[in-house]
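Nothing in this text is a laboratory measurement; each read-out follows from the coordinates by a stated rule. Computed from a predicted structure; not experimentally measured. Don't worry about glycine lacking a Cβ; one is built from the backbone with ideal geometry, like all the others, and counts go over all protein chains shown.
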Ligand SMILES: Cc1cc2nc3c(=O)[nH]c(=O)nc-3n(C[C@H](O)[C@H](O)[C@H](O)COP(=O)(O)OP(=O)(O)OC[C@H]3O[C@@H](n4cnc5c(N)ncnc54)[C@H](O)[C@@H]3O)c2cc1C
Ligand SMILES: Cc1cc2nc3c(=O)[nH]c(=O)nc-3n(C[C@H](O)[C@H](O)[C@H](O)COP(=O)(O)OP(=O)(O)OC[C@H]3O[C@@H](n4cnc5c(N)ncnc54)[C@H](O)[C@@H]3O)c2cc1C
């Protein structure tokens, strides 16, 4: 057993979620020698447990350009990663159960069209015609045809495998325990695995540790305002094909998608409690059951088969943190995706690669800069 | 709505009935929940009312125990699943129509075990069943699952089943015993002391076999099932000491039903959900909660007894139940847990029997090597061994990782059928132990439950 091994790389990524894996992939594709440290397994946390929604509509305006750019990447991802990630552009329906909700969807829709995102407003009749499986509590909806869904775990793993094929070093069951800084620049990351310590020396460190990103950063004096929060999903047994859209209702507090094998995944849109606890409480499962039965009446005959929870990485303004840290050269933050990071993962990874290789990203990071919390 | 109770017992087999009775006799308020129409568990399985003939001695004993429990004030909640366990000892109950919650100060788990699945070419053909399913059909419904039965497995329960089948008029073409019992049983004669009841049951089954001229083939096992739309014949073979088929010894045997009785797997999901630390104990059937002398798990106030904490038979389940019932009652303020010293010698005797049983009848590794690349390992999702192998090539090395990549274990059985099969395959391919490869994490509800029943609370 050897207690302290050393390897060197040009960039080291902390975290094997979709953001870390996409970063490793795009860095490797640009020829950067990259190592990724994951404390457990690739996609084992939120990135592999999420609702699978790849949606652009209904986002904070600051985040919208990133979602639009990410969907452009998603469209080619399956071929690029060489793996069936079950990506379907089945559209996204955001329903309204009352006039106030419909009005706010209308306002949002106008803004989205202005920003170049094609969306449609549906009245009650159009909604019945386009989505007859939905319950009659809804009076209308906003629809974005280019939104869709994918398999979270397979997408995240496919990024990891593709990065590996391009020469990235992926170290699983290796927890990053500290970031080394020399002068004003990052120099290394120390990890711990079952055989002891491993030091990865690199002039670039990307913190993509999701809800755990704050803890690691604190030791080098960079306080990231990211908090954990629990979100739960329950799934039904296989059902006959019912719908292909990603659908959600903030009035009922639920969203859903139907996976390729027929199971309907149901998640909640309520404000999640701040905790690392990943046990699904009974009242949440009940909420999901009631919401599902109201949203999709056909599910009244279905059974819930299983549930799980994942940990979100929330920022105070629910917009991600992506970019350099002014005080520590070579330190890049890619965290705080606040429950929307599955869709944004590919673009986040690509932008990280541009920060390292080009020194200038292809999309302005001004709105998602770390220093906004100053 | 959440109801309060002092002690909740889950499972009304011998372990749960004895636990509930002991706790109630000590003065505790007890609720006993079971998902069958008639309480009694596996051993005391009651015949459906419509088919009542003369009850067996087991059934009479179970019925008497149930009456005693009711008389002692135990509240019986039948036909109700415990589908989840939450913080502060809250159990979620479902009777098909609505969900109710029961909060207990102590919980005794007595959820029993299920038949060990075995994967071999043809095991998914109609006509391949577990011995438990065949037996349940006879006991509860008086139905014979086929006409010509082949019994393959290990342990004395096979003899019991063969005798029941013969008495019911079925043809039993052979009973295959994987373990080379006879030479080894002598080494354990000491543990059989005081086991006359069991010996006499075994003996009577044995005589029934002889009377019906049913071949009992020691050191033989199943290798494959064949047939177009249904089992028509089986390939069987002699086994070596590790239960690997000996090349060249294969024989074909015609049959329409194959009953697999390769022992049981503890149903430990609720103890896992309640946070009890688990151990990998192949001789006890697999993953079981660690316990102290009072049958308490590492989760305070959560007890586990009987087969769900390690396969040990009805008599051990009864003694463990008495101990846990009395300890849990004392914990919530009734009595003094005097069952523990009083039952010490009975416990020691049953544990000796358990060890002997495990030494004789724990299947060897060969049992997990019968599957081929085109054999399905996960029935619900129809995942083959080749697909699992592919996931390993992609870097997976745990049962959970394989599940995430292949869907194996994501189906309706919640992994109860496939987790062991997949885990053993991964262990063999990666050279890691089954303990390292791990089982699947529990994901409530532990049985599928109607969405409408979950949204509705009574
Ligand atoms: C239930 C649920 C539903 C969701 N639904 C959607 C949706 O429909 N659409 C959408 O776009 N988003 C959704 N999200 C959000 C999305 O999943 C996350 O925003 C996204 O996965 C974040 O990716 P990440 O890579 O930043 O974080 P994570 O997936 O959390 O990955 C971080 C990784 O870092 C590892 N790590 C942490 N600390 C260390 C360390 N010290 N050393 C090494 N490794 C470390 C962790 O083990 C983890 O694997 C949902 C999330 C949840 C939980
Ligand atoms: C199929 C089968 C056949 C057997 N045949 C024989 C035999 O012929 N002779 C013999 O000596 N021994 C036999 N055994 C062994 C013997 O029956 C067991 O060792 C003994 O019954 C163990 O008792 P127990 O109390 O631990 O569990 P069990 O008797 O198995 O009782 C457990 C009870 O809990 C219920 N339950 C489990 N989970 C839940 C839940 N979440 N919610 C509600 N209820 C739940 C089950 O349905 C069951 O009724 C058999 C075992 C099995 C599994």
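Within the range B:229-377, all pairs of alpha-carbon atoms sorted by distance into 5 Å bins from zero give the percentages 2, 9, 13, 17, 15, 12, 9, 8, 6, 5, 3, 1, 0. The range B:104-153 and the range B:314-331 have their alpha-carbon centroids 27 Å apart. Counting every other Cβ atom within 10 Å of each residue's Cβ, B:373, B:307 order from fewest to most as B:373, B:307.
Residues considered: A:364, A:70, A:217. Largest GNM mean-square fluctuation over chain A, using C-alpha springs under 10 Å, is found at A:364. For the range A:25-105, the direction-averaged projected area of the alpha-carbon convex hull comes to 7.9 nm². Helix A:152-165 versus the longest principal axis of chain A: what angle, 0 to 90°, nearest 10, using Cα atoms? Value to nearest ten degrees: 30. Using a ≥ b ≥ c from the Cα gyration tensor of the range A:279-359 (square roots of the eigenvalues), is it rounded, prolate or oblate, where a/c under 1.5 gives rounded and otherwise the larger of a/b and b/c decides, a/b for prolate? Verdict is prolate for the range A:279-359.
Taking one equal scatterer on every alpha-carbon of chain A, how large is log10 of I(q)/I(0) by Debye at q = 0.06, 0.15 1/Å? So the normalised log intensities work out to -0.22, -1.29. Relative to the longest principal axis of the C-alpha atoms of chain A, give the angle of the C-alpha long axis of helix A:64-81, reported between 0 and 90° and rounded to the nearest 10°. Rounded to the nearest ten degrees, it is 80. Computed over Cα pairs, the Kirkwood radius of the range B:200-252 leads via Stokes-Einstein (0.692 mPa s, 37 °C) to a diffusion coefficient of 254 µm² per second. Here chain B has an Rg and Dmax of 21.8, 65 Å, counting Cα atoms alone.
Each part gets one Cα centre, and for the range A:321-367 versus the range B:234-271 those centres are 56 Å apart. Considering only A:92, A:207, A:270, give the residue with the highest GNM mean-square fluctuation for chain A, with springs between Cα atoms whenever their separation is below 10 Å. Of A:92, A:207, A:270, the Gaussian network model singles out A:270 as fluctuating most.
Quick one: which of B:264-276, A:4-16, B:216-228 comes out on top by average Cβ neighbours within 10 Å, and what's the full order, highest first?
Values: B:264-276: 23.5, A:4-16: 21.9, B:216-228: 18.9.
Top to bottom by mean Cβ count within 10 Å: B:264-276, A:4-16, B:216-228.
In terms of its alpha-carbon gyration tensor, the range B:1-138 comes out oblate; a/c meets the 1.5 threshold, while b/c is at least as large as a/b. Summarising the label geometry, the points placed 7 Å from Cα in the beta-carbon direction at residue A:133 and residue B:436 lie 4.4 nm from one another. Residues B:421, A:127, arranged from fewest to most other Cβ atoms within 10 angstrom of their Cβ, appear as A:127, B:421. Based on the alpha-carbon gyration tensor of the range A:181-272 and its eigenvalue square roots a ≥ b ≥ c, which shape applies: rounded if a/c is under 1.5, prolate if not and a/b is larger than b/c, or oblate? Prolate, since a/c reaches 1.5 and a/b exceeds b/c. Expressed as a whole number of Å, what is the distance separating the alpha-carbon centroids of the range B:164-178 and the range A:191-241? So the separation of the two Cα centres works out to 57 Å. The share of Cα pairs per 5 Å bin across the range A:141-213, counted from zero up to the longest distance, runs 3, 11, 16, 19, 18, 12, 7, 5, 5, 3, 1 percent.
So what's the range B:371-437 giving for Cα Rg divided by 2.2 N^0.38 Å, two decimals? It would help to have the intermediate numbers written out before the result.
Values: Rg = 10.3 Å, N = 67, 2.2 N^0.38 = 10.9 Å.
With N residues counted in the range B:371-437, Rg over 2.2 N^0.38 Å equals 0.94.
Ordered by the count of other Cβ atoms within 10 Å of each Cβ, fewest first, B:416, B:277 give B:277, B:416.
Take every Cα pair under 8 Å whose residues are at least 6 apart in sequence, average their separation, divide by the length of the range A:98-257, and the relative contact order is 14 percent. How far is helix B:196-211 tilted off the main Cα axis of chain B, in degrees rounded to 10, range 0 to 90? Around 30 degrees separate the two axes. Entry for the range A:227-314 at q = 0.10, 0.19 Å⁻¹: log10 I(q)/I(0) = -0.23, -0.81, Debye formula applied to identical alpha-carbon scatterers, no solvent contribution. Here the gap between residue B:277 and residue B:56, fully extended at 0.36 nm per residue and compared with their Cα-Cα distance, gives a gain of 75.7 nm. Defining a contact as two alpha carbons under 8 Å apart and six or more residues distant in sequence, what relative contact order in percent does the range B:371-437 show? Result for the range B:371-437 is 30 percent. Our Cα-only numbers for the range B:250-329 put the radius of gyration and Dmax at 16.2, 56 Å. Once both labels are positioned 7 Å from their Cα atoms along Cα-to-Cβ, the gap between residue B:374 and residue B:293 label points is 5.8 nm.
Where does the protein assembly as shown land on the Kirkwood hydrodynamic radius, alpha-carbon pairs, in angstrom? Answer for the protein assembly as shown: a Kirkwood hydrodynamic radius of 29.2 Å. The mean count of C-beta atoms from other chains within 10 Å of the C-beta of residues in A:278-286, rounded to a whole number, is 6.
For the range B:117-262, take the convex hull of the Cα atoms, compute a quarter of its surface area, and give me that in nm², please. Mean orientational projected area (the range B:117-262, Cα hull): 9.0 nm². Each Cα pair under 8 Å and six or more residues apart adds its separation to the average, and for chain B the resulting relative contact order is 19 percent.
Once you divide the Cα radius of gyration of the range A:31-172 by 2.2 N^0.38 Å, the number left is 1.27.
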